[in-house]
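A short worksheet on the structure shown next.
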Amino acid sequence: MSSFQRAREALGIRLREMRLAARLTGKQLAEQNEWHPSKVSKIEGGKQTPAEVDLEAWAVACGQADLTPDLVAKLPLAPVHGFWLMDEHVVVVENFTASQNLTQASEISAYVRIFDQLAGAARYESDARTVIIRALADLRASMN
């Protein structure tokens, strides 16, 4: 399971707890906010990411409007797509819907080579600034 999905599910659990504490059914919450009835169950089940306005409406309906900023802060960021070299024994590969731990030496060495290539191509500090300034100048020139 990806970190994005874990965050979405954790937020759904928190929202369900709020709704139950407010003694609201999913149908009542949906009706109060003029949502399709399935929206509540999809959000609570981690199948749908709520928008900020949904979180605000949810908190207000549950009598906890003051929690809106905390709920918004828990919104998962865009799904992560990448890999992490944890140590010489594990590489974690994550895409938009899943996460996998790779432990075979041949797989790990392939990701180490990829990481080394990416690190070699990366630009930092003034080099990065120069690349960005050049790209912006090219973009401006192409728009004229």
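The values are calculated or read from the model by the stated rules, or taken from the named source; none is laboratory data. Note that the coordinates shown come from a computational prediction; the quantities given were computed from them, not determined experimentally. Cβ sites come from the backbone with ideal geometry, for glycine too, and all protein chains shown count toward neighbours.
To keep it simple, each residue is scored yes or no on (1) closer than 30 Å to Ile114 by Cβ; (2) hydroxyl-bearing (Ser, Thr, Tyr); (3) more than 13 Å from the chain's Cα centre (by Cα); (4) assigned to a helix (DSSP H, G or I).
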residue: Ala7; (1), (2), (3), (4): yes, no, no, yes
residue: Glu34; (1), (2), (3), (4): no, no, yes, no
residue: Ile43; (1), (2), (3), (4): no, no, yes, yes
residue: Pro69; (1), (2), (3), (4): no, no, yes, yes
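Out of Ile108, Ile43, I need the residue that is surrounded by 13 or more Cβ atoms within 10 Å (Cβ to Cβ) and outside the structural domain of Lys27 (by TED's automatic domain parsing). Which one?
Numbers: Ile43 fails: outside the structural domain of Lys27 (by TED's automatic domain parsing).
Exactly one of Ile108, Ile43 is surrounded by 13 or more Cβ atoms within 10 Å (Cβ to Cβ) and outside the structural domain of Lys27 (by TED's automatic domain parsing), namely Ile108.
Return the residues of the stretch 83-126 that are among the charged types (D, E, K, R) and at pLDDT below 80; say none if nothing qualifies. Before you say what the answer is, go through the steps one by one.
From the stretch 83-126, those among the charged types (D, E, K, R) are 87-88, 94, 107, 113, 116, 123, 125; that's our starting set.
Answer for the stretch 83-126, where residues must be among the charged types (D, E, K, R) and at pLDDT below 80: Asp87, Glu94.
Would you check which residues across the stretch 111-140 are among the polar types (S, T, N, Q) and exposed (fewer than 11 other Cβ atoms within 10 Å of the Cβ) and list them?
Gln117, Ser126
Give Leu29, Leu55, Leu75 a once-over and let me know the one that is in a helix (DSSP H, G or I) and within 21 Å of the chain's Cα centre (by Cα). Outline the logic, then answer.
Values: Leu29 fails: within 21 Å of the chain's Cα centre (by Cα); Leu75 fails: in a helix (DSSP H, G or I).
Answer to the check: Leu55.
Looking at the stretch 1-26, I want the residues that are in the same structural domain as Ala59 (by TED's automatic domain parsing) and under 14 Å from Leu71 (Cβ atoms) and have a partner that is basic (Lys, Arg) and in a loop (DSSP other than H, G, I, E, B) with Cβ atoms under 6 Å, at least 6 apart or on another chain. Which pairs are those?
Leu11/Lys74
Residue by residue through the stretch 2-17, note down the ones that are touching a helix residue (DSSP H, G or I) at 6+ places or on another chain (Cβ under 7 Å) and either modelled with pLDDT of 95 or more or more than 19 Å from Ala73 (Cβ to Cβ) (or both).
Leu15, Arg16
Got at least one residue in the stretch 72-92 being within 30 Å of Arg16 (Cα to Cα), in contact (Cβ under 8 Å) with a residue 60 or more places away in the chain and surrounded by fewer than 13 Cβ atoms within 10 Å (Cβ to Cβ)?
yes
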